[in-house]
Amino acid sequence: GAVVSQHPSRVICKSGTSVKIECRSLDFQATTMFWYRQFPKQSLMLMATSNEGSKATYEQGVEKDKFLINHASLTLSTLTVTSAHPEDSSFYICSARTDSVINTIYFGEGSWLTVV
Amino acid sequence: QKEVEQDPGPLSVPEGAIVSLNCTYSNSAFQYFMWYRQYSRKGPELLMYTYSSGNKEDGRFTAQVDKSSKYISLFIRDSQPSDSATYLCAMGQGAQKLVFGQGTRLTINP
């Protein structure tokens, strides 16, 4: 199946710093990518929809100035957690939708962020 | 009422049993239905994808969709300990974002 690569898989940062997470579709083009957050033993919480060449669409309650999303190409979207705080520690997962008649969505492996 | 309802479990069955996982939904506009498997601390992995009512089989997995009842199922035959994971149903329409179920935690006991 299609592959979505997410990097880094784990990151530890100091409070107040910014962290960038990359999401790449390796063998298909993805006009649309999604960013999720997942707390332990809970389902995926959609944070924002990332569209290539345009501004991301954020879900209600998600701070767009804190979670900066850039989708500069058809294969790459980035999520930057700005001025990170311990409460931002979580599992962040991206997914990418194939640009084909049959829309299929594949997920990255996720990124564990720990803010200390 | 949530758009997609899925029993979170946990569900525990002995190895070799047939597992049935289910989701109900309220939006009759949903066109495609997916099942994902998520191991602990990993991203979800696409297992099955269906468009229409009926059954779709892939190895030990069978996905079933009943649009008239707004009900989808995933069956796992000859379950293995390696099948222990959280299973998420998801559904969508057109280019809109997927709507996920809460996920069912499944444990297969050797």
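What follows draws every value from the coordinates through simple rules; no lab data is involved. Owing to the predicted nature of the structure, the values given are computational and were not obtained by experimental measurement. Neighbour counts are summed over all protein chains in view; Cβ atoms, including those assigned to glycine, are modelled from backbone coordinates with ideal geometry.
If you count, for each residue, the other Cβ atoms within 10 Å and average over each peptide, how do B:60-67, B:99-106 line up from highest to lowest?
On the way: B:60-67: 17.2, B:99-106: 21.6.
The densest-packed peptide leads the list: B:99-106, B:60-67.
Between rounded, prolate and oblate, where does the range B:1-66 land on the alpha carbon gyration tensor, with a ≥ b ≥ c its root eigenvalues, rounded for a/c under 1.5, else prolate if a/b exceeds b/c?
On the way: a/c = 1.55, a/b = 1.30, b/c = 1.20.
Verdict is prolate for the range B:1-66.
With the gyration tensor restricted to C-alpha atoms of chain B, the semi-axes of the equivalent ellipsoid amount to 23, 14, 12 Å, longest first. Taking θ as phi - 60° and the Karplus parameters 6.51, -1.76 and 1.60, the scalar couplings of the range A:43-51 work out to 7, 6, 10, 5, 9, 6, 10, 9, 10 Hz in sequence order, x denoting glycine and proline.
Over the Cα atoms of the range B:62-110, each weighted equally, I'd like the Debye log10 I(q)/I(0) at q = 0.21, 0.24, 0.32, 0.33 Å⁻¹, rounded to two decimals. Log-scaled intensity ratios, in q order: -0.87, -1.01, -1.23, -1.25. Model label points for residue B:77 and residue A:72, set 7 angstrom from Cα along the Cα-to-Cβ axis, are 5.0 nm apart.
Quick check on the protein assembly as shown: what are the equivalent-ellipsoid semi-axes from the Cα gyration tensor, as sqrt(5λ), descending, whole Å?
Over the Cα atoms of the protein assembly as shown, the semi-axes work out to 30, 21, 15 Å.
Peptides B:45-55, B:82-92 ordered by packing proxy, namely the average of other Cβ atoms within 10 Å per residue, highest first: B:82-92, B:45-55. Cβ-Cβ distance of residue A:83 and residue A:104, R₀ of 35 Å, FRET efficiency by 1/(1 + (r/R0)^6): the value works out to about 0.50. What residues from the range B:81-110 fall in the zone where the backbone N is under 14 Å from a label point 7 Å along the Cα-to-C-beta line of residue B:58? Within reach of a label on residue B:58, which here means backbone N under 14 Å from a point 7 Å along Cα→Cβ, the range B:81-110 contributes B:88-90.
So which trypsin sites (Lys or Arg not before Pro) in the range A:8-111 are both in a DSSP loop and have at most 10 other Cβ atoms within 10 Å of their Cβ?
Here the sparse-neighbourhood loop sites are A:14.
What percent does the relative contact order of chain A come to when contacts are Cα pairs within less than 8 Å and at least six residues apart?
Details: 297 pairs, mean separation 42.9, N = 116.
With pairs under 8 Å counted, the relative contact order is 37 percent.
Over every Cα atom in chain A, the radius of gyration and the widest Cα-Cα span, Dmax, amount to 13.4, 44 Å. Compute the Cα gyration tensor for the range A:1-66, then decide on rounded, prolate or oblate, letting a ≥ b ≥ c be the square roots of its eigenvalues: rounded whenever a/c is under 1.5, prolate when a/b is larger than b/c in the other cases, and oblate in all that remain. The shape class here is rounded.
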